[in-house]
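Q: The following block contains the structure, expressed as structure tokens.
The values are calculated or read from the model by the stated rules, or taken from the named source; none is laboratory data. Quick caveat, the model's predicted, so the values are computed rather than measured. No Cβ is skipped: glycine too gets one built from the backbone with ideal geometry, and neighbour counts run over all protein chains shown. Calculation scope for accessible area: heavy atoms of the full protein, side chains included, ligands and nucleic acids excluded. Shrake-Rupley method; radii C 1.70, N 1.55, O 1.52, S 1.80 Å.
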Amino acid sequence: MKELTSAERSALRARAHHLHPVILIGEAGLTPAVLGEIDLALKSHELIKIRVLRDDRGRRKSLIDEICRAVAAHPVQRIGKVLVVFRPRPEPATPTAPTPPKRRRPKRRFQNP
């Protein structure tokens, strides 16, 4: 996976500014269930904020690297207890053809004889 350039990271930070954290990592730490939720959130949103409720600064620093390795994502930003993670959505394997519009029946016209 290629690294993000500084311009891409800057654009992603701007997009993430108004987001609220969708994942909270509590005292139990990074469990398989939390990783599953992060993966699910990245599939639907591709850019998410994660709040870490621990006070250990060194642990928070290594946590974003663990998350990114586990879910194949890119770290965007780490400010205090908030982490921002990005993973682009996969392109659909086969493009779906647009469905043609339904043909409408003409209105019946009743004529008086």
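Q: Among rounded, prolate and oblate, which fits the range 13-52 when a ≥ b ≥ c are the square roots of the eigenvalues of its C-alpha gyration tensor, a/c under 1.5 means rounded, and a/b larger than b/c means prolate? Intermediate values should be presented prior to the final figure.
A: Numbers: a/c = 3.44, a/b = 1.52, b/c = 2.26.
Because a/c hits 1.5 or more and a/b fails to exceed b/c, the range 13-52 counts as oblate.
Q: Give the relative contact order (percent, whole number) for the range 12-91; include only Cα pairs under 8 Å separated by 6+ residues.
A: 34
Q: I need the Kirkwood Rh of the chain: take the reciprocal of the average 1/r across all distinct C-alpha pairs and report it in angstrom.
A: By the Kirkwood definition, the hydrodynamic radius is 16.8 Å.
Q: Right, another one. With runs of 4+ DSSP H residues as the only contributors, calculate the mean residue ellipticity of the chain at 222 nm using -39,500 (n - 2.57) per run, divided by the residue total and rounded to the nearest 500.
A: -11500 deg cm²/dmol
Q: Suppose every K and R has +1 on its Cβ and every D and E has -1 on its Cβ; what is the size of the dipole of the chain about the Cα centre, in Debye to the nearest 20?
A: 1160
Q: Okay, next question. Quick one: which of 37-47, 4-14 comes out on top by average Cβ neighbours within 10 Å, and what's the full order, highest first? Let's see the in-between values first.
A: Working: 37-47: 16.4, 4-14: 12.6.
The most tightly packed comes first, giving 37-47, 4-14.
Q: Sticking with this structure for a sec: Expressed as a rounded percentage, what relative contact order does the range 1-53 have, with Cα pairs under 8 Å and six or more residues apart?
A: 47
Q: Could you check how much of the accessible area of the range 1-85 is carbon and sulfur, as a whole percent, using a 1.4 Å probe?
A: Of the solvent-accessible surface of the range 1-85, carbon and sulfur hold 54 percent.
Q: Report the antiparallel proportion of the DSSP beta bridges in the chain as a percent, rounded to a multiple of 5. Numbers along the way, then the final one.
A: Working: 10 of 13 bridges.
Rounded to the nearest five, the antiparallel share is 75 percent.
Q: Separate question: Where a Cα-Cα gap under 19 Å defines reach, which aspartates and glutamates qualify for Lys81, not counting those fewer than 8 residues away within the same chain?
A: Within reach: Glu27, Glu37, Asp55, Asp56, Asp65, Glu66.
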